[in-house]
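Only one structure is covered here, and it is reproduced in the block below.
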Amino acid sequence: MASASRAGPVVGADADDARWIDGLRGPRTAQAEGRLHDLLVRAARAEVARRAGRLRLAGPELDDIAHQAAHDAMLAILRKLDTFRGDSRFTTWAYKFVIFEVSGKIARHFWAHADEPVEAEQWERLPDRLGFSPEDAAESADLLDAVRRAVDGQLTDRQREVFVALVLHGVPVDALAERMGTNRNALYKTMFDARRKIRGFLVAHGHLPQARIGEQA
């Protein structure tokens with residue numbers, strides 16, 4: 001692993017943070033890097049496991065994503081070690097690199113399989129993800145089919161792409177923003193408009209009461 005560059009003490013760093021920084025810069029760099037790598041692998045595995053329910057991945061593939069994310073996060077942390085200012089704990093700062101790398105790798109996996117059909121269980125989780133109450137879902141056996149028709153027929157291409165990525169596939173919003181060359185706020189606005197169209201369609205076809213058409217999704 002590449003050695004980190006030397007720099008002065010970090011303002012605001014506590015004793016534990018100072019040990020991390022000194023270890024990654026000092027004569028025992030390899031030992032410190034080994035500790036950091038183990039920490040990042042554990043963090044990456046936890047983050048991947050947290051998102052596993054929304055991914056069409058399991059077993060070795062999930063672990064491979066975790067190890068790749070930990071490795072790339074490690075390189076990024078060592079490159080940017082001198083930017084650490086002690087505003088948060090060093091481990092908290094390092095975790096952000098892991099989360100970013102996991103998000104990016106999951107997004108790349110999603111886009112590599114973007115043409116695959118959406119699985120039935122992903123559609124079945126839609127009412128809960130859209131905020132419909134159990135009563136709403138129970139009132140109409142056709143609710144799910146109506147939502148699918150709204151997604152297919154009422155949304156623009158961009159709205160459908162964002163909706164499917166965020167809601168059905170669970171792609172992290174930051175990763176999607178990077179992929180689409182946009183930002184979080186623009187994606188939130190697109191999702192707001194998409195959900196409003198879906199609700200309007202459901203109201204117009206009798207699946208939700210008229211009074212709820214103005215509700216925020």
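The values are calculated or read from the model by the stated rules, or taken from the named source; none is laboratory data. This structure is a prediction, so every number in the text was calculated from the model and none was measured. Keep in mind that these areas ignore ligands, DNA and RNA; they rest on the heavy atoms of the full protein, side chains included. Shrake-Rupley method; radii C 1.70, N 1.55, O 1.52, S 1.80 Å.
Points worth noting:
- Test: residue in segment 91-98 that is over 16 Å from Leu166 (Cα atoms), basic (Lys, Arg), modelled with pLDDT of 80 or more and open to solvent by 40 Å² or more (accessible area, probe 1.4 Å): yes
- Segment 16-33, residues that are open to solvent by less than 30 Å² (accessible area, probe 1.4 Å) and assigned to a helix (DSSP H, G or I): Asp17, Trp20, Ile21, Gly23, Leu24, Arg25, Thr29, Ala32, Glu33
- Per the conditions (1) on the phi > 0 side of the Ramachandran plot; (2) modelled with pLDDT of 85 or more, the sole criterion not satisfied by Arg79 is (1).
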